[in-house]
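Okay, structure first, notes after.
The values are calculated or read from the model by the stated rules, or taken from the named source; none is laboratory data. Remember, predicted model here, so these are calculated numbers, not experimental data. Cβ: placed from backbone, ideal geometry, glycine included. Neighbour counts: every protein chain shown. With ligands, DNA and RNA removed, areas are computed over all heavy atoms of the protein, side chains included. Shrake-Rupley method; radii C 1.70, N 1.55, O 1.52, S 1.80 Å.
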Amino acid sequence: LLKTVTQPDRGTRAERKLVLKLLKNGIHPKAIFHDLYIRNSNGTFSQIDLVVATPVGILVFEVKDYSGWIFGKGHQRQWTQVLAYGKEKHRFYNPIMQNRTHINNLQKQLRQFENIPFFSIIVFYGSSVFRDISFIPDNTFINKPYHVIDSINLIRNNSPKAGYTNKTEVSNVLQQGVSNGASREIRAQHIENVRNMFWK
(Lines give C-alpha, C1' and ligand atoms only; values in the text may rest on other atoms or scores of the structure.)
Protein backbone atom coordinates (compact mmCIF):
# COMPACT_ATOMS: atom_id res chain seq x y z
CA LEU A 1 0.00 0.00 0.00
CA LEU A 2 2.81 2.40 0.91
CA LYS A 3 4.38 1.99 -2.55
CA THR A 4 1.32 3.57 -4.18
CA VAL A 5 2.66 6.87 -2.78
CA THR A 6 6.31 6.55 -1.76
CA GLN A 7 9.29 4.24 -1.27
CA PRO A 8 9.81 2.19 1.93
CA ASP A 9 13.18 3.88 2.59
CA ARG A 10 12.08 7.45 1.94
CA GLY A 11 11.57 10.02 4.70
CA THR A 12 11.23 9.01 8.34
CA ARG A 13 9.36 6.07 9.82
CA ALA A 14 6.81 8.47 11.34
CA GLU A 15 6.20 10.10 7.94
CA ARG A 16 5.62 6.70 6.32
CA LYS A 17 3.19 5.79 9.14
CA LEU A 18 1.25 8.95 8.38
CA VAL A 19 1.14 8.14 4.65
CA LEU A 20 -0.33 4.71 5.50
CA LYS A 21 -2.87 6.25 7.88
CA LEU A 22 -4.06 8.62 5.16
CA LEU A 23 -4.33 5.81 2.61
CA LYS A 24 -6.22 3.54 5.01
CA ASN A 25 -8.69 6.36 5.67
CA GLY A 26 -9.58 6.81 2.04
CA ILE A 27 -7.23 9.57 0.86
CA HIS A 28 -6.46 8.86 -2.79
CA PRO A 29 -2.77 8.02 -3.41
CA LYS A 30 -2.56 10.56 -6.24
CA ALA A 31 -3.52 13.32 -3.78
CA ILE A 32 -0.64 12.49 -1.38
CA PHE A 33 2.86 13.84 -2.01
CA HIS A 34 5.62 12.66 0.36
CA ASP A 35 9.08 14.13 1.01
CA LEU A 36 9.04 17.13 -1.29
CA TYR A 37 11.99 19.42 -2.02
CA ILE A 38 10.66 22.75 -3.28
CA ARG A 39 13.14 25.04 -5.03
CA ASN A 40 13.22 28.55 -3.57
CA SER A 41 13.93 31.75 -5.52
CA ASN A 42 17.49 31.88 -4.07
CA GLY A 43 18.31 28.38 -5.37
CA THR A 44 18.01 26.59 -2.02
CA PHE A 45 15.34 23.99 -1.28
CA SER A 46 12.60 23.66 1.34
CA GLN A 47 11.99 20.10 2.49
CA ILE A 48 8.31 19.39 3.19
CA ASP A 49 7.33 16.13 4.90
CA LEU A 50 3.93 15.65 3.32
CA VAL A 51 1.35 17.50 1.20
CA VAL A 52 -2.22 16.47 0.49
CA ALA A 53 -4.20 18.21 -2.26
CA THR A 54 -7.91 18.39 -1.41
CA PRO A 55 -10.96 20.06 -3.01
CA VAL A 56 -10.91 22.73 -0.26
CA GLY A 57 -7.19 23.53 -0.34
CA ILE A 58 -3.66 22.28 0.25
CA LEU A 59 -2.80 20.49 3.49
CA VAL A 60 0.88 20.80 4.46
CA PHE A 61 2.14 18.42 7.14
CA GLU A 62 5.13 18.70 9.46
CA VAL A 63 5.85 15.39 11.22
CA LYS A 64 7.70 15.23 14.54
CA ASP A 65 8.74 12.23 16.63
CA TYR A 66 9.26 13.19 20.28
CA SER A 67 8.88 11.75 23.75
CA GLY A 68 8.36 13.72 26.96
CA TRP A 69 6.25 16.78 27.70
CA ILE A 70 5.88 19.44 25.01
CA PHE A 71 5.46 23.12 25.85
CA GLY A 72 5.07 25.91 23.32
CA LYS A 73 3.12 28.90 22.09
CA GLY A 74 2.37 29.77 18.49
CA HIS A 75 4.38 33.01 18.61
CA GLN A 76 7.47 31.63 20.43
CA ARG A 77 10.50 30.84 18.28
CA GLN A 78 11.56 27.95 20.52
CA TRP A 79 9.44 25.19 22.03
CA THR A 80 10.54 22.97 24.93
CA GLN A 81 10.71 19.20 25.33
CA VAL A 82 10.89 18.08 28.97
CA LEU A 83 12.20 14.61 29.84
CA ALA A 84 12.88 12.62 33.01
CA TYR A 85 10.12 14.36 34.99
CA GLY A 86 11.66 17.78 34.52
CA LYS A 87 15.35 16.89 34.88
CA GLU A 88 16.10 17.30 31.16
CA LYS A 89 14.97 20.12 28.90
CA HIS A 90 15.61 20.50 25.18
CA ARG A 91 14.68 23.37 22.92
CA PHE A 92 13.51 22.90 19.35
CA TYR A 93 12.35 25.26 16.63
CA ASN A 94 8.64 26.09 16.74
CA PRO A 95 7.05 23.63 14.25
CA ILE A 96 4.25 26.11 13.49
CA MET A 97 6.82 28.65 12.27
CA GLN A 98 8.75 25.90 10.49
CA ASN A 99 5.68 24.77 8.57
CA ARG A 100 4.63 28.38 7.90
CA THR A 101 7.97 28.87 6.10
CA HIS A 102 7.32 25.72 4.08
CA ILE A 103 3.86 26.97 3.11
CA ASN A 104 5.21 30.42 2.17
CA ASN A 105 7.81 28.83 -0.10
CA LEU A 106 5.23 26.54 -1.66
CA GLN A 107 2.78 29.42 -2.28
CA LYS A 108 5.43 31.19 -4.38
CA GLN A 109 5.54 28.31 -6.87
CA LEU A 110 2.29 29.14 -8.67
CA ARG A 111 0.23 32.27 -9.20
CA GLN A 112 -3.02 30.39 -8.57
CA PHE A 113 -1.77 29.49 -5.07
CA GLU A 114 -2.48 33.12 -4.10
CA ASN A 115 -6.18 32.22 -4.12
CA ILE A 116 -5.97 28.70 -2.69
CA PRO A 117 -6.32 28.10 1.08
CA PHE A 118 -3.37 26.39 2.79
CA PHE A 119 -3.74 24.48 6.05
CA SER A 120 -0.87 23.61 8.38
CA ILE A 121 -1.05 20.28 10.21
CA ILE A 122 1.69 19.36 12.70
CA VAL A 123 1.68 15.74 13.84
CA PHE A 124 3.63 14.53 16.89
CA TYR A 125 4.44 10.83 16.83
CA GLY A 126 6.19 9.16 19.77
CA SER A 127 5.16 9.16 23.42
CA SER A 128 5.07 12.94 23.76
CA VAL A 129 2.34 14.65 25.78
CA PHE A 130 1.10 18.19 25.09
CA ARG A 131 1.35 20.07 28.39
CA ASP A 132 0.91 23.69 27.38
CA ILE A 133 0.37 24.37 23.68
CA SER A 134 -1.45 27.66 23.04
CA PHE A 135 -1.89 30.64 20.73
CA ILE A 136 -2.35 28.41 17.69
CA PRO A 137 -2.95 30.47 14.52
CA ASP A 138 -5.97 30.02 12.27
CA ASN A 139 -5.82 27.13 9.78
CA THR A 140 -3.19 25.42 11.96
CA PHE A 141 -3.71 22.09 13.72
CA ILE A 142 -1.46 20.39 16.30
CA ASN A 143 -2.21 16.67 16.53
CA LYS A 144 -1.25 13.29 17.80
CA PRO A 145 -1.67 10.66 15.04
CA TYR A 146 -5.06 9.43 16.26
CA HIS A 147 -6.59 12.91 15.74
CA VAL A 148 -5.19 13.61 12.27
CA ILE A 149 -8.21 12.30 10.36
CA ASP A 150 -10.52 14.32 12.65
CA SER A 151 -8.62 17.49 11.70
CA ILE A 152 -8.76 16.66 7.99
CA ASN A 153 -12.51 16.01 8.19
CA LEU A 154 -12.99 19.27 10.12
CA ILE A 155 -11.18 21.18 7.37
CA ARG A 156 -13.10 19.44 4.59
CA ASN A 157 -16.51 19.86 6.22
CA ASN A 158 -16.11 23.53 7.17
CA SER A 159 -14.33 25.00 4.16
CA PRO A 160 -15.70 26.05 0.76
CA LYS A 161 -14.36 24.55 -2.45
CA ALA A 162 -11.00 26.04 -3.38
CA GLY A 163 -10.74 28.10 -6.56
CA TYR A 164 -8.28 25.96 -8.50
CA THR A 165 -7.76 27.26 -12.03
CA ASN A 166 -5.57 24.36 -13.19
CA LYS A 167 -5.37 21.20 -11.07
CA THR A 168 -2.85 19.57 -13.41
CA GLU A 169 -0.47 22.49 -12.86
CA VAL A 170 -0.80 22.04 -9.07
CA SER A 171 -0.17 18.31 -9.32
CA ASN A 172 2.87 18.87 -11.55
CA VAL A 173 4.46 21.33 -9.09
CA LEU A 174 3.95 18.95 -6.16
CA GLN A 175 5.16 15.95 -8.15
CA GLN A 176 8.27 17.91 -9.17
CA GLY A 177 8.95 18.46 -5.46
CA VAL A 178 8.76 14.69 -4.90
CA SER A 179 11.09 14.08 -7.88
CA ASN A 180 13.58 16.65 -6.52
CA GLY A 181 13.67 14.67 -3.26
CA ALA A 182 14.78 11.58 -5.16
CA SER A 183 17.99 13.39 -6.18
CA ARG A 184 21.00 12.71 -3.95
CA GLU A 185 22.59 15.98 -5.05
CA ILE A 186 19.54 18.03 -4.05
CA ARG A 187 19.23 16.26 -0.69
CA ALA A 188 22.95 16.78 0.00
CA GLN A 189 22.68 20.47 -0.95
CA HIS A 190 19.69 20.91 1.36
CA ILE A 191 21.54 19.32 4.31
CA GLU A 192 24.52 21.60 3.67
CA ASN A 193 22.27 24.68 3.51
CA VAL A 194 20.59 23.77 6.80
CA ARG A 195 23.96 23.18 8.43
CA ASN A 196 25.25 26.56 7.24
CA MET A 197 22.09 28.27 8.48
CA PHE A 198 22.63 26.91 11.99
CA TRP A 199 26.27 28.02 12.10
CA LYS A 200 25.61 31.61 11.00
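Quick notes on this structure:
- Here the chain has 49 percent of its accessible surface on carbon and sulfur atoms, given a 1.4 Å probe and all protein chains in place.
- Residue-normalised accessible area of the range 113-193, given per residue in Å² at a 1.4 Å probe: 58
- Cα point-scatterer Debye curve for the range 1-49, base-10 log of I(q)/I(0) at q = 0.18, 0.19, 0.23, 0.32 Å⁻¹: -0.57, -0.62, -0.80, -1.23
- By accessible area with a 1.4 Å probe, ligands and nucleic acids excluded, highest first: order of Trp79, Trp69: Trp69, Trp79
- Annotation note: trypsin sites (Lys or Arg not before Pro) in the range 50-92 located in DSSP loop regions with a Cβ neighbour count of at most 11 within 10 Å are Arg77, Lys87.
- Other residues within the sphere of radius under 9 Å centred on the Cβ of Val82, judged by their own Cβ, net out at +2 (K and R +1, D and E -1).
- Pair-distance distribution P(r) for the chain, from all Cα-Cα distances in 10 Å bins starting at 0: 8, 34, 38, 17, 2, 0 percent.
- Other residues within the sphere of radius under 13 Å centred on the Cβ of Ile136, judged by their own Cβ, net out at 0 (K and R +1, D and E -1).
- Volume per residue for the range 26-71 equals 155 cubic angstrom (convex hull of Cα atoms).
- Helical content of the chain, expressed as a calculated mean residue ellipticity at 222 nm, amounts to -10500 deg cm²/dmol (DSSP H runs of 4 or more residues, -39,500 (n - 2.57) each, divided by residue number, nearest 500).
- Spatial separation of Cα centroids for the range 1-36 and the range 67-95, in angstrom: 28
- Amide N of the range 87-105 lying under 20 Å from the label point, which is placed 7 angstrom from the Cα of Ser134 along Cα→Cβ: 92, 94-97
- The range 163-195 versus the range 105-160: alpha-carbon centroid distance in Å: 20
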